[in-house]
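To start, the structure under review is shown below, and the notes come after it.
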Amino acid sequence: MSPVARWLRFVDDTGGVGFGTVEEDMVAVYSGGMFDRSAPSGERLPLASVKVLPPCEPTKIICLWNNLREAAERQGWSRPPEPLYFIKPPSAVTAHLAAVIRPACYEGRILYEGELGVVIGQTCVDVAIEDVDDVVFGYTCVNDVTASDLITEDESFAQWTRAKSFDTFCPIGPVIAAGVEPDSLRVRTLVGGRGRQDYPVSDMFFSPRRLVNLISRGMTLLPGDVISCGTSTGAMPMRPDVAVEVDVEGIGVLRNALSGQS
């Protein structure tokens, strides 16, 4: 396996958008495109001098439901025969350290869900399981934020899309780690520094690679698209101004908080 590279998108002090790899406290800047013909520019910037952006610009974020054995057992759910998922729009994406904003039209609970995200690196469809590593660019952290009270508000129609798709309801980042082995990863979510979620990727019904294989059947995935692999037990309401950290060893820590402003 190739050495792990942690790819970051950023805004520099001139307002320019760039990307590169994080090396300790520096960013090695690249030219070209992150997913196509990237090359080192030779420039290096202090990490502290840049503003972190979402590490990719997905056309869609595909999010899994009921993909963790422990959560299914806790809720009394059976293993799904196929991946169960919904899609978030790109307008929901926000960056590491950005605020999650409560929409003015909603007063109910807003939940965090710490998840592993698969980032697609090339246009693909009907991907064979043995070819998945060729189309995956890397892996990132995702907080699948949910306005949970909306899901069952209407008895005739479960409103997953509405509950999941408000602006800022999909923090991603801070980096994309290329070269990690996804099946060996562990996802932790800390709230105010206290552990609330802690589960291995190996507990998933459908592994990250299998998700790419199955979800790509008849659905074209584009560079930058994200598959968020689902969460386990411990998802709870976010509290204003209390940091929620999605921590995946080998990738990094995604930190966001619900804005305390109404």
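All of the numbers you see were taken from the coordinates with simple rules; none came from a lab. The model shown is predicted, which means the values in this text are computed figures rather than measured ones. Note that we place each Cβ from the backbone using ideal geometry, even for glycine, and neighbour counts take in every protein chain shown.
Spatial offset of the stretch 182-206 relative to the stretch 78-125 amounts to 16 Å, using the alpha carbon center of each. Computed across the stretch 62-150, the Kirkwood radius stands at 15.7 Å (inverse of mean 1/r, all Cα pairs). Rounded to whole Hz and in sequence order, give me ³J(HN,Hα) for the stretch 190-197 from the Karplus expression 6.51 cos²θ - 1.76 cosθ + 1.60, θ = phi - 60°, writing x for Gly and Pro. In residue order, the calculated couplings are 10, 10, x, x, 9, x, 10, 10 Hz.
Counting other Cβ atoms within 10 Å, which GluC sites (Glu not before Pro) in the stretch 22-96 have at most 14 and lie in a DSSP loop? Present the calculation step by step, with values, prior to reporting the outcome.
Working: sites: 23, 24, 43, 70, 73; in loops: 24.
Counting only loop positions with at most 14 other Cβ atoms within 10 Å, the GluC sites (Glu not before Pro) in the stretch 22-96 are 24.
Could you grab the relative contact order for the stretch 194-262? Cα pairs under 8 Å, six or more apart, rounded to a whole percent. Normalised by residue count, the contact order of the stretch 194-262 is 25 percent. By the count of other C-beta atoms within 10 Å, a proxy for reagent exposure, 142, 248 are ordered fewest to most as 248, 142.
For the stretch 55-258, what does the alpha-carbon gyration tensor say about shape, rounded, prolate or oblate, given a ≥ b ≥ c as the root eigenvalues, a/c under 1.5 as rounded, and a/b over b/c as prolate? Each step should come with its number before you reach the end.
Working: a/c = 1.39, a/b = 1.28, b/c = 1.08.
Note, shape of the stretch 55-258 comes out rounded.
Ratio of Rg to Rh for the stretch 1-44: 0.96 [Cα atoms; Kirkwood radius as inverse mean 1/r over pairs].
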